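Student: Quick one: the structure is below, questions incoming.
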Amino acid sequence: DPARRAYLASPERTDVADDLPRLTPPITIIWGERDALIPIAAAERIRAAHPAAELITLPGAGHVTQADAPREVAAIIRARLG
């Protein structure tokens with residue numbers, strides 16, 4: 001996939017997993033199961049970098065989860081903000 005190759009080759013790309021140890025809980029990671037740009041394994045690595053993090057995967061959603069599953073993403077955010 002050309003978009004994925006371009007992203008991976010980008011010098012501006014950052015690995016957010018490096019920043020996670022500085023964050024305090026709660027951390028919720030929302031990931032589209034059909035993300036063709038960044039595979040789900042990346043989400044699992046991010047979650048593993050911060051044991052208190054929660055990973056929520058959205059079936060049928062791709063890389064832009066808020067566009068692919070707006071109601072689900074909004075519900076997750078609302079629930080976390082209480």
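Student: Read through the list (1) buried (at least 16 other Cβ atoms within 10 Å of the Cβ); (2) out of contact with any helix residue (DSSP H, G or I) (no Cβ under 9 Å at 6 or more places or on another chain); (3) among the small types (Gly, Ala, Ser); (4) modelled with pLDDT under 95, then give the number of the only condition that residue 82 fails.
Tutor: Looking at each condition in turn, residue 82 falls short on (1).
Student: Say whether the condition of being surrounded by fewer than 12 Cβ atoms within 10 Å (Cβ to Cβ) and in contact (Cβ under 8 Å) with a residue 12 or more places away in the chain is met by at least one residue in region 41-54.
Tutor: yes
Student: Another question, if that's okay. What tally of residues in region 55-72 results from selecting those that are closer than 24 Å to residue 24 by Cα and surrounded by fewer than 17 Cβ atoms within 10 Å (Cβ to Cβ)?
Tutor: Here the count works out to 4.
Student: While we're looking at this one, here's another question. Answer with yes or no whether residue 36 is outside any helix (DSSP H, G or I), modelled with pLDDT of 90 or more and of a type in the set (Gly, Ala, Ser).
Tutor: Numbers: outside any helix (DSSP H, G or I): yes; modelled with pLDDT of 90 or more: yes; of a type in the set (Gly, Ala, Ser): yes.
In short, yes.
The values are calculated or read from the model by the stated rules, or taken from the named source; none is laboratory data. Everything numeric here is computed off the predicted structure, so don't read it as measured data. Counting neighbours? That spans all protein chains shown, and the Cβs are built from the backbone with ideal geometry, glycine included.
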